[in-house]
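For reference, the structure is listed below as structure tokens.
Please treat every number below as a calculation from the coordinates, not as lab data. Model, not experiment: these values are computed from the prediction. Cβ sites come from the backbone with ideal geometry, for glycine too, and all protein chains shown count toward neighbours.
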Amino acid sequence: MPIRPSPARGALARFDGSETSRHYAVDRLSDAVDVFVDGSQAAAWIAAVRLFGGVGFYTDTVYDGEQRPMFHVDLRPSRLCWLRSAGGRYTYATTSLGRVALLRALAEYG
């Protein structure tokens, strides 16, 4: 399953903005990346949550002129999973409603 780094500025490292971002790389290394995955988004999710501490699924992103879902993955020490949907709305999988929203989004994109 091919993985493509996001071409967006700051998808790998950011030198401005929020210091709490896992992408922030001033006086430290970034430990996050935003990627687009070809193929099954559900299979990619399963692999990502096995390998990374932070996993976000973004449905409001565009790649190569097409609306496509994107993954944020990072090396935070504790598990945090979330969905970012239309309008930049974040829903965290820390509640049953959040988990249901995330699973529905993954099912929608296969």
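A helix-only calculation puts the chain at -7000 deg cm²/dmol for mean residue ellipticity at 222 nm, using -39500 (n - 2.57) for each DSSP H run of at least four residues, averaged over all residues.
Solvent-free Debye calculation, one equal scatterer per alpha-carbon of the range 3-109: log10 I(q)/I(0) at 0.10, 0.17, 0.23 Å⁻¹ equals -0.26, -0.79, -1.41. Taking all Cα pairs closer than 8 Å and separated by 6 or more residues, the relative contact order of the range 1-57 comes to 33 percent.
Highest mean first, what order results for 60-73, 5-18 on Cβ atoms within 10 Å? Let's see the in-between values first.
On the way: 60-73: 15.5, 5-18: 13.1.
Ranked from most to least packed, the peptides come out as 60-73, 5-18.
Normalised by 2.2 N^0.38 Å, where N counts its residues, the alpha-carbon radius of gyration of the range 7-60 equals 1.25. The stretch between ARG79 and THR94 holds 4.4 nm of extra length on full extension. This uses 0.36 nm per residue minus the Cα-Cα distance.
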